[in-house]
1. How large is ³J(HN,Hα) for each residue in segment 615-620, as worked out from phi by the Karplus curve 6.51 cos²θ - 1.76 cosθ + 1.60 (θ = phi - 60°), to whole Hz, x for Gly and Pro?
2. Using the heavy atoms of the protein chains and a 1.4 angstrom probe, tell me the accessible area per residue for segment 20-117 in square angstrom.
3. Positive end of the charge dipole of the chain (Lys, Arg +1 and Asp, Glu -1 on Cβ, about the Cα centre): tell me which of Phe96, Ile212, Ser442 has its Cα farthest that way.
4. I'd like to compare 101-108, 422-429: which one has the highest average count of other Cβ atoms within 10 Å, and what's the full order after that?
5. Cα-Cα over 23 Å: which of Lys302/Lys353; Lys148/Lys203; Lys581/Lys606; Lys517/Lys606; Lys256/Lys308; Lys445/Lys517?
6. Rounded, prolate or oblate for segment 272-376? Axes are the square roots of the Cα gyration tensor eigenvalues, ordered a ≥ b ≥ c, and the cut-off for rounded is a/c under 1.5.
7. Check the straight Cα-Cα distances from Lys215 and name the lysines below 21 Å, setting aside those fewer than 8 residues away within the same chain.
8. Just need the relative contact order of segment 216-261 here, percent rounded to a whole number, with Cα pairs under 8 Å and 6+ apart.
Amino acid sequence: MTPPTTTAATARPPVADFDRLTAQAFLDAMPYASIVLDAGGLLIAHNAHADELLEGVPSDRLGRAVEGPFRVMVDRARRSGVTASFEQAVGEIWYFVAAYPLASPSGAPLQMISAADVTARKHTEFAIRESEARLEEATRIAQMGTYKVYWDTELVHWSPHMFIIHGQSPDSFIHTRAAYNELVHPEDRDLYEQYRRNLFDGKALHGADYRIVRKGTVRWLRLEGRVLFDSMGEPYASFGTCQDITEAKQREQELKSLLRRNAILYEALDASPIGVAVVTTEGPSAEVFYVNAEFERLTGHKTSSLAKRSIMALQPGEGGEGWRDVMRALHTSGGGAFELTCARRDGSSFLAKLEVAPVRDHPGRDATVFVLNLRDITSDRQRADALLQAQKMEALGQLSGGVAHEINNLLQPVLALSDLGQDIADTDPAKVRKYFQVIASSGRKARDVVRQVLTFARRDAPELASYPIARLLEDALTLLHSGLPPGIELVHSIDVGEAQAVVNPTQVSQVVFNLVKNAADAMDGSGQVSVALSLAEVDAAQGAALTIAPGRWIQLRVADQGCGMDAYTLSRVFEPFFTTKLAGKGTGLGLAVVYSIVTGWGGMLKLDSEVARGTSAVVYIPAASLS
Ligand code: ADP
Ligand code: MG
């Protein structure tokens, strides 16, 4: 027999020696607390690791039943059979216990039991389990779904809420990438893919808001993911949460469009050529909480300098008439239009028109918020005054033809009778006296005409007094007659006897002139204009409709069979400068002037018109009370 070579002997494991290893050495080499029991459960051997789990001094232990912490494990192992494995807590410490059979060299059955301390692992396990339970509870409360994807197998695990969010049944939905992509809104598939890629590539951004189509309706989801790494630091799965954020998205959209609308409204208000302020009367005064750009420009006040201040900051130091009415309107939740003097920040002031309108934000409750429109009417007023004067002059110019004609007529008898009178002065003094009477009467009439024209041209406020209206109208018509186009026939009926009207004679001719001229214009140069003056009894209903007091009125009607007016024209005719006539033909002031004159008397102007049929303008003139 060749002895084994040295090299072979050292390379090969010492198999023969292994047999000679003592059981004790084997036990001692074990990394866990281990004991060996005989069939009766008596302790035969143990290693050093088992020391602290056994009671008593080592020499006394052998051949006896196990006592000490190991006892619990031994009892449980023996109950479970010869082979067993379980985890057992002993006090604070967790053991993994394994029991398996051995045989003694003589063939007696033995049992070996080892107990490994797994407390640390157990604690991690508990921690994980607890955090999982917490996560589950949190996601349930947050209506959140969770998912986990194992990268190697593409195995997907969805929490129950994931199925609800996606409108899928856990029984029928098969998780594949293709199946999921089908759920994603076609427009958001790229976005979703990007999210996946980012996750796989380890990019920082692991979230995505995207849409799915759930049973035909679009829902917004928010996905947030994490990559999970194994103990070697290798990514093996992704884990994430998923939330249905449709409602939140909708609110976000609504908020966005609300903000946009708000911005537009503010811009629109700033673009408005009218000063706009919003004030609130919740406090004791009328606090300003918003003014637009034009309001700032008009008053010189910035929003900031006006905010939280009373609107009374605009009341001039002295003579703030009108402001009391504004405050009354605000505090009685009313509205209205006011003309008043408004102070600028620099102390100067301007004539303003202020319109106040309550904002009824709570139906049925008194308004505490008001919108104010402010306009500078200083130049408007000046312009209107100038134009009214111009219109008067225009009418005067038109009338002057009539005036010349009239005076000419009056001069005829003066000249003729003067000549005649001279011839017969000596022979027929009685006749001459008669001539003088006619001459004087004509002279007086001429003087009246001149006076009338002069009053007409006067600028100052007209005085009202009682006049026999029939005569005033006749005079006006006489002056007007010759100024009309030849094709226009002017017919009149006067049936008021000696009735007195409270008017101003100049204004009467201005009213008649404007109405007759409009009628003539409407008939394009040929046709009949009828002027009728009569007495009218206005009853309560008519009075209410006309906004005049019931009773006796003098009615002046000017009618034509001209082109008439449609509803739109009718609605605007009283506006100054509204005209449908060619430039140079109409100023658009006629009816505005008539209206302001007539209402100035306390009367009313009413138009009845029908397209292609004609128009009749009726003026209600206040009658002087009969005494
Ligand atoms: P103007 O005569 O200078 O246009 P007015 O104020 O007198 O201004 O009239 C305004 C408008 O009302 C006229 O342009 C015309 O369209 C309409 N209108 C007034 N009177 C009549 C009428 N009798 N028939 C038809 N339209 C009329
Ligand atoms: Mg006119």
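The values are calculated or read from the model by the stated rules, or taken from the named source; none is laboratory data. Keep in mind that this is a model prediction, so the values were computed, not measured. Using ideal geometry, Cβ is built from the backbone for each residue, glycine included, and neighbour counts are taken over all protein chains shown. Surface accessibility is based on the protein's heavy atoms, side chains included, excluding ligands, DNA and RNA. Shrake-Rupley method; radii C 1.70, N 1.55, O 1.52, S 1.80 Å.
1. Whole-Hz 3J(HN,Hα) from phi for segment 615-620: 9, 10, 9, 10, 10, 9.
2. 55 Å²
3. Among Phe96, Ile212, Ser442, the one farthest towards the positive end of the dipole of the chain is Ser442.
4. Averaged packing, sorted descending, gives the order 422-429, 101-108.
5. Pairs exceeding the cut-off: Lys256/Lys308; Lys445/Lys517.
6. Judged from the Cα gyration tensor, segment 272-376 comes out prolate (a/c at least 1.5, a/b above b/c).
7. Answer for Lys215, where 21 Å is the Cα cut-off: Lys249, listed by chain and number.
8. Contact order relative to length: 36 percent.
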